[in-house]
């Protein structure tokens with residue numbers, strides 16, 4: 001077998017589709033709110049009206065929103081709330097009898113009833129080292145978000161989001177080289193189409209900026225190229241984060257999804273306050289006191305401008321929702337689907353952005369230009385490449401010699417994947433009864449041993465039992481009290 005990606009063996013059901021759509025909605029809201037805030041103005045420390053172009057603060061706000069994952073993690077564990085990535089033991093018969101102040105019987109405690117937790121064990125406790133290990137994806141997230149926010153300053157939000165589609169390229173390469181999940185030939189072809197789409201989108205942004213077709217766009221071609229490079233760097237770092245998150249959620253003692261989100265947020269807040277903001281303060285820039293970004297001036301603009309407060313509140317809720325659902329996408333499916341999610345967001349973002357421009361306010365959003373056709377074509381190529389890569393899952397494109405396959409036929413690869421999935425399902429079905437029987441046998445033996453120890457006490461068996469005093473050395477097995 002040439003590929004063993006975890007994406008092959010994970011199916012996309014109703015739960016996964018729902019989580020994916022929620023991630024798409026909240027993710028689109030994040031990008032739009034982020035760009036709108038960068039085009040807003042507020043009153044700073046000097047009492048003057050300034051542009052609220054604060055990429056570092058938006059990164060900081062993202063991490064603050066993610067810290068609520070800790071509270072949700074504690075709530076899920078404490079109250080045993082059903083949630084993907086968490087296993088909670090059901091109450092056993094013995095515990096139910098004790099809670100009802102009834103004396104447990106040997107029959108009730110020997111075998112669990114249907115619906116009871118067979119293992120009877122709680123989810124393994126997360127080791128302390130995991131809390132520090134989760135600083136690594138936080139560093140990736142911090143660097144990636146900062147680079148992308150810096151690049152967003154010079155790009156339209158739809159262009160920015162289409163460029164984020166390059167994450168699929170980086171994730172695929174990283175999974176192939178780092179995790180050892182080798183890709184099939186048709187998947188590499190899908191990566192190629194994504195690369196072509198990203199190139200087309202980049203050309204669109206450069207051409208649009210050079211024509212000065214937008215009155216509110218004051219950025220030069222050099223600024224746009226700089227923005228493209230920053231977003232691509234951020235997308236590469238984000239790919240490292242996705243792959244690392246998938247790794248820590250599939251370890252022997254995995255990191256629960258909500259704990260992963262919360263600890264990334266905690267570490268991100270610490271890094272922003274202790275490292276990023278001090279550096280931004282001393283780097284020369286256009287913000288207050290000659291800094292690149294001044295935290296005090298940012299807070300003053302928020303306090304003095306109600307419209308920024310409202311927009312940041314929406315962004316705050318959306319960013320937490322997106323990180324929550326995106327991590328669940330990575331957990332329920334894998335990191336490739338996380339990257340595919342970023343490839344679907346440009347469609348909704350572009351439509352909403354044009355709706356804002358033409359129906360709400362020309363100061364925000366995007367207008368249609370003569371180069372938008374190239375951007376639209378690039379978006380179609382991006383979706384085509386994603387569908388090719390995602391085969392043979394539902395909603396994908398199979399290349400079997402049809403006109404849209406350009407003469408390519410990967411039927412052999414698709415058959416190999418389907419055979420692998422079918423064999424894995426058969427192995428799981430065959431292994432499950434054996435594992436269950438072995439577990440029940442072990443529990444039966446443990447209960448019998450516990451029963452013998454209890455009945456062999458001095459109160460019932462031994463020299464103090466007159467009827468068996470003469471046969472004290474005879475092996476006294478537990479009587480079958482409940483068999484008849």
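The values are calculated or read from the model by the stated rules, or taken from the named source; none is laboratory data. Because the structure is a prediction, the values reported are computed rather than measured. Here the Cβ is made from the backbone with ideal geometry for all residues, glycine too, and neighbour counts use every protein chain on show.
Mind checking whether some residue in segment 28-42 is more than 19 Å from residue 156 (Cα to Cα) and either touching a helix residue (DSSP H, G or I) at 6+ places or on another chain (Cβ under 9 Å) or in contact (Cβ under 8 Å) with a residue 60 or more places away in the chain (or both)? Give the steps one after another, and end with the answer.
Let us first name the residues in segment 28-42 that are more than 19 Å from residue 156 (Cα to Cα), namely 42.
Cutting the leftovers down to either touching a helix residue (DSSP H, G or I) at 6+ places or on another chain (Cβ under 9 Å) or in contact (Cβ under 8 Å) with a residue 60 or more places away in the chain (or both) gives us 42.
Yes.
So residue 250 ticks every box in (1) part of a helix (DSSP H, G or I); (2) in contact (Cβ under 8 Å) with a residue 60 or more places away in the chain but one. Which box is left unticked?
All conditions are met except number (1).
For every residue, the table says whether it meets (1) within 15 Å of the chain's Cα centre (by Cα); (2) modelled with pLDDT under 90; (3) more than 30 Å from residue 390 (Cα to Cα); (4) surrounded by fewer than 16 Cβ atoms within 10 Å (Cβ to Cβ).
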| site | (1), (2), (3), (4) |
| --- | --- |
| 7 | yes, yes, no, no |
| 13 | no, yes, no, yes |
| 24 | yes, yes, no, no |
| 36 | no, yes, yes, no |
| 52 | no, no, yes, no |
| 60 | no, no, yes, no |
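Among the residues of segment 349-386, which ones are on the phi < 0 side of the Ramachandran plot, in contact with a helix residue (DSSP H, G or I) (Cβ under 7 Å, 6 or more places away or on another chain) and assigned to a loop (DSSP other than H, G, I, E, B)?
Of everything in segment 349-386, those that are on the phi < 0 side of the Ramachandran plot, in contact with a helix residue (DSSP H, G or I) (Cβ under 7 Å, 6 or more places away or on another chain) and assigned to a loop (DSSP other than H, G, I, E, B) turn out to be 364, 366, 367, 368, 369, 371.
If residue 131 satisfies every condition in (1) assigned to a helix (DSSP H, G or I); (2) outside the structural domain of residue 238 (by TED's automatic domain parsing); (3) in contact (Cβ under 8 Å) with a residue 40 or more places away in the chain but one, which is the exception?
Every condition holds for residue 131 apart from (2).
May I ask you to say which residue of 261, 310 is modelled with pLDDT of 90 or more, more than 20 Å from residue 48 (Cα to Cα) and assigned to a helix (DSSP H, G or I)?
On the way: 261 fails: modelled with pLDDT of 90 or more.
Selected residue: 310, the only one of 261, 310 that is modelled with pLDDT of 90 or more, more than 20 Å from residue 48 (Cα to Cα) and assigned to a helix (DSSP H, G or I).
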